[in-house]
Amino acid sequence: MALFYHVCTGAFAGAVRLLASYHVEGRQHLPKGPVIVVSNHLSFLDPPLLGASLHRQMVFLAKRELFHGLGGWCVRTYGAIEVRRGEFDRKGLEEAEAVLGRGLALGVFPEGRRHPQGGMGRAQPGAVLLACRTGVPVLPVGIIGTERVQKLKDVFSRPTIRVAVGEPIQIPSSQEAISKTYLAHWHQQVMSAVAGLLPEPYQGAYRAAGARALALGE
């Protein structure tokens, strides 16, 4: 898996530098060791873009519908964990915890699907639940511009793509039952941080929270 991942990510990094106006901000915020990377989701390019931008081997949570046929083999070999979207998936949760236990970066798109119009949709709190259970920091990331690439031919339009990396958020871990109120509070903090890395048109459902984060310099 590692060889396939690094070959694909290296090829993608070269292609995006050649075919797009591409810039990464805040890469210095990426902590060493295990981390949960939480990002908005605009295009099929977003997973390899995160790997290329953060310079870390990443494993992604992906909806089970992607794990079919040749495409499914590629997704699994690239380094993805199959999860049931919108449901509590104990097996997926345990696999994700195992990835973090190995010191890797786990990539999560908590909106659960792409939003090619740019605006963020309402997200699920699975990433925050993982952080609460493991004590692993959450790294908010904002992606801008990949919504212009929805088909392979779109890469030749030389889109402007920016990846903004925020400061990690350390959520206190808990060995006790995690209340819905506690989970909702930290989920809002994380999604506000992602929205705060994006221009207002991209903030969507988190527009007010993102504006507050920008004003506070979070």
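For the range 107-137, the candidate set comprises residues that are among the charged types (D, E, K, R) and closer than 20 Å to VAL165 by Cα; within that set, the residue that is surrounded by the most Cβ atoms within 10 Å (Cβ to Cβ) is GLU111.
Across the range 126-137, not a single residue is classified as assigned to a strand (DSSP E or B) and either modelled with pLDDT of 95 or more or of a type in the set (Lys, Arg) (or both). Going through (1) surrounded by fewer than 18 Cβ atoms within 10 Å (Cβ to Cβ); (2) modelled with pLDDT of 90 or more; (3) part of a helix (DSSP H, G or I) one by one, LEU50 falls short only on (1).
When HIS115 is tested against (1) in contact with a helix residue (DSSP H, G or I) (Cβ under 9 Å, 6 or more places away or on another chain); (2) without any contact (Cβ under 8 Å) to a residue 60 or more places away in the chain; (3) closer than 30 Å to GLU97 by Cβ, just one condition goes unmet, and that condition is (2).
One residue stands out among those in the range 138-189 that are crowded, with 19+ Cβ neighbours inside 10 Å and assigned to a loop (DSSP other than H, G, I, E, B): the one that is modelled with the lowest pLDDT, which is VAL149. Checked against the criterion of being within 18 Å of LEU106 (Cα to Cα), aliphatic (A, V, I, L, M), modelled with pLDDT under 90 and surrounded by fewer than 19 Cβ atoms within 10 Å (Cβ to Cβ), the candidates LEU61, LEU3 yield just one match: LEU3. LEU104 meets the stated requirement of being under 21 Å from VAL138 (Cα atoms), at pLDDT 85 or above, surrounded by fewer than 21 Cβ atoms within 10 Å (Cβ to Cβ) and among the aliphatic types (A, V, I, L, M). Comparison of TYR202, TYR206 shows that the only residue that is within 27 Å of VAL99 (Cβ to Cβ), among the aromatic types (Phe, Trp, Tyr), modelled with pLDDT of 90 or more and within 17 Å of the chain's Cα centre (by Cα) is TYR206.
The values are calculated or read from the model by the stated rules, or taken from the named source; none is laboratory data. It should be emphasised that the depicted structure is a prediction, and the values quoted were computed from it without experimental measurement. Neighbour counts are summed over all protein chains in view; Cβ atoms, including those assigned to glycine, are modelled from backbone coordinates with ideal geometry.
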